[in-house]
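Enquirer: First, the structure itself, so that you have it in front of you.
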Amino acid sequence: MDYADPKKKSNLVGKILLAAALTALCILVLKHSSTFNTPSAFSRHEAGVTHVLVTGGAGYIGSHAALRLLRDSHRVTIVDNLSRGNLGAVKVLQELFPEPGRLQFIYSDLGDAKAVNKIFSENAFDAVMHFAAVAYVGESTLDPLKYYHNITSNTLVVLEAMAAHNVKTLIYSSTCATYGEPEKMPITEETPQLPINPYGKAKKMAEDIILDFHKNSDMAVMILRYFNVIGSDPDGRLGEAPRPELREHGRISGACFDAARGIIPGLKVRGTDYKTADGTCIRDYIDVTDLVDAHVKALEKAKAGQVGIYNVGTGKGRSVKEFVEACKKATGKNIKVDFLPRRPGDYAEVYSDPTKIWRELNWTAQYTNLQDSLQTAWRWQKSHFNGYGPPLPMAV
């Protein structure tokens, strides 16, 4: 017959009581600590501080906008699924603004309505700058469903979350592609919107959703339709680093730099038979620093219950051939150029009339020298041969 040892039993009970006492003590310490009682700075509104949700803030334009907002002492939350953005850009911002309560990054997909609602429920946003979108005309003609889902559907998810959580200011990143190919130039905000590719159509649908919702809302809405974006941060902290597999769909500036760096054998100019002076497309190239400034001014001027719609451009069209020559001078490289047939979904001539945004928001483009903007971007490219990844050697 076995008998329990009373000493062992006593020791066991003592250990249990000691563990319970230590646990209770830990809980008591946590409850009385400032971090336990004080909610995150991102979860509460603070007088004098504007907390801005920047969707797509790891992307080219979104990261530059986040940099400017942080520099202007705003609180910033970046939400990005990194399908087109770069975590390296977020890390640069975190290094520049390491103070608690300034910047947070949330990895999430705007197509997941439950995840988006959770983000809004856990954070006290004062405004949303909605940049997140796939944005290549050529790709949109090949995979239109991706564009309608990513742009139109995801914007609806964001708008529903804003409405549910009483976030009252929306700055929407739209595009001149919603106008299609107008009969008259320059394009004003009254120019009919007749998009000719899925990218432009998806953006216009998103605009329509926002405007229909606003009819019975006191939300402050600013819609910025911008033209072809170039350049990078003048101080060399951020730049454009698209996915290698998307090079064929990317901006002409990226293709020029890839050709200058020898990544691709030359530049492909699609379309030389347009009804323009030199036969190539004409576009209005806006520097990303100016574009971001327009967003900040829109945020400052946004008024409850009102909608502002603005073109963001220089008001001057430049041909693709002119652009290529400026890129050659900016890089100092003799870039090989191949002239090919037109790309589906493209249009001959597009440039803006920026009168309205100058009159109402006191905004006008400052970085209007094409070669200077390209030189700024080229400096970043040369020092970031591998984008935001580990540095690689480069002969220039």
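Here, each number is a calculation from the coordinates, and none is a lab measurement. Just so you know, these numbers come straight off a predicted model, no measurement behind them. Don't worry about glycine lacking a Cβ; one is built from the backbone with ideal geometry, like all the others, and counts go over all protein chains shown.
Enquirer: Within segment 156-174, name every residue whose backbone N is under 15 Å away from a label modeled 7 Å from Cα of Ser83 along the Cβ vector.
Expert: Once the point is set 7 Å along Cα→Cβ of Ser83, 156-158 turn out to lie under 15 Å by backbone N, inside segment 156-174.
Enquirer: Taking the Cα centre of the chain as the origin and placing charges on Cβ (Lys, Arg +1; Asp, Glu -1), which of Ala377, Thr188, Ser153 is farthest toward the positive end of the dipole?
Expert: Ala377
Enquirer: Give, as a single signed number, the net charge of other residues whose beta carbon lies under 11 Å from the beta carbon of Glu325, with Lys and Arg counted +1 and Asp and Glu -1. Could you put the intermediate results ahead of the total?
Expert: Details: positive: Arg318, Lys321, Lys328, Lys329; negative: Asp278, Glu322.
Taking every other residue near Glu325 into account, the sum is +2.
Enquirer: Please list, in order, the residues from segment 109-148 whose amide nitrogen is less than 14 Å from a point placed 7 Å along the Cα→Cβ vector of Met185.
Expert: Answer for segment 109-148: none.
Enquirer: While we're here: For the chain, what is the relative contact order in percent, using Cα pairs closer than 8 Å and at least 6 residues apart in sequence? Write out the running numbers ahead of the final one.
Expert: Values: 722 pairs, mean separation 63.7, N = 396.
The value is 16 percent.
Enquirer: Would you mind finding the longest exposed-site-free stretch of the chain, with exposed GluC sites (Glu not before Pro) meaning DSSP loop and at most 12 other Cβ atoms within 10 Å?
Expert: 191-396
Enquirer: Let me ask another. Charges only on Cβ, +1 for Lys and Arg, -1 for Asp and Glu: so what's the dipole of segment 49-383 about the Cα centre, in debye to the nearest 20? Mind dumping the intermediate values first?
Expert: Working: 41 positive and 40 negative charges, 124 e Å.
Taking the Cα centre of segment 49-383 as origin, the dipole is about 600 debye.
Enquirer: From the cross-link list Lys91/Lys204; Lys215/Lys275; Lys297/Lys336; Lys91/Lys118; Lys91/Lys268, which pairs have alpha carbons spaced over 30 Å apart?
Expert: Over 30 Å Cα-Cα: Lys91/Lys204; Lys215/Lys275; Lys297/Lys336; Lys91/Lys268.
Enquirer: Return the long-range amide H neighbours of Ile223 (sequence gap of 5 or more, or a different chain), with a cut-off of under 5 Å between placed amide H atoms.
Expert: Counting only residues 5 or more places away or on other chains, the set is Tyr172, Gly308, Ile309, Tyr310.
Enquirer: Straight distance only, please: which aspartates and glutamates reach the Cα of Lys329 with their own Cα at less than 20 Å, same-chain residues fewer than 8 apart left out?
Expert: Asp233, Glu240, Asp258, Asp278, Asp284, Asp287, Asp338, Asp372
Enquirer: By Kyte-Doolittle mean hydropathy of at least -0.5 and Cα axial length of at least 18 Å, which whole DSSP H helices of the chain are selected?
Expert: Numbers: long enough: 6-32 (39 Å, 0.89); 198-214 (24 Å, -0.45); 288-301 (20 Å, 0.11); 370-383 (20 Å, -1.22).
Those that clear 18 Å and a mean of -0.5 are 6-32, 198-214, 288-301.
Enquirer: For Lys316 and Ala41, what is the calculated FRET efficiency with R₀ set at 30 Å and r taken between the beta-carbons, to the nearest 0.05? Write down the numbers at each step before the final one.
Expert: Numbers: r = 43 Å, r/R0 = 1.44.
Result of the calculation: an efficiency of 0.10.
Enquirer: Once amide H atoms are placed 1.01 Å from N in the peptide plane, what residues at a sequence separation of 5 or more from Ile282, or on another chain, have their amide H within under 5 Å of its amide H?
Expert: Glu349, Val350
Enquirer: Between the alpha-carbon centers of segment 46-78 and segment 269-309, tell me the distance in whole angstrom.
Expert: 21
Enquirer: Give, in nm to one decimal, the length gained when the segment between Glu360 and Lys118 is fully stretched (0.36 nm per residue of separation minus the Cα-Cα distance). Provide the component values of the computation, followed by the final result.
Expert: Numbers: separation 242, 0.36 × 242 = 87.12 nm, distance 3.59 nm.
Result: 83.5 nm gained on full extension.
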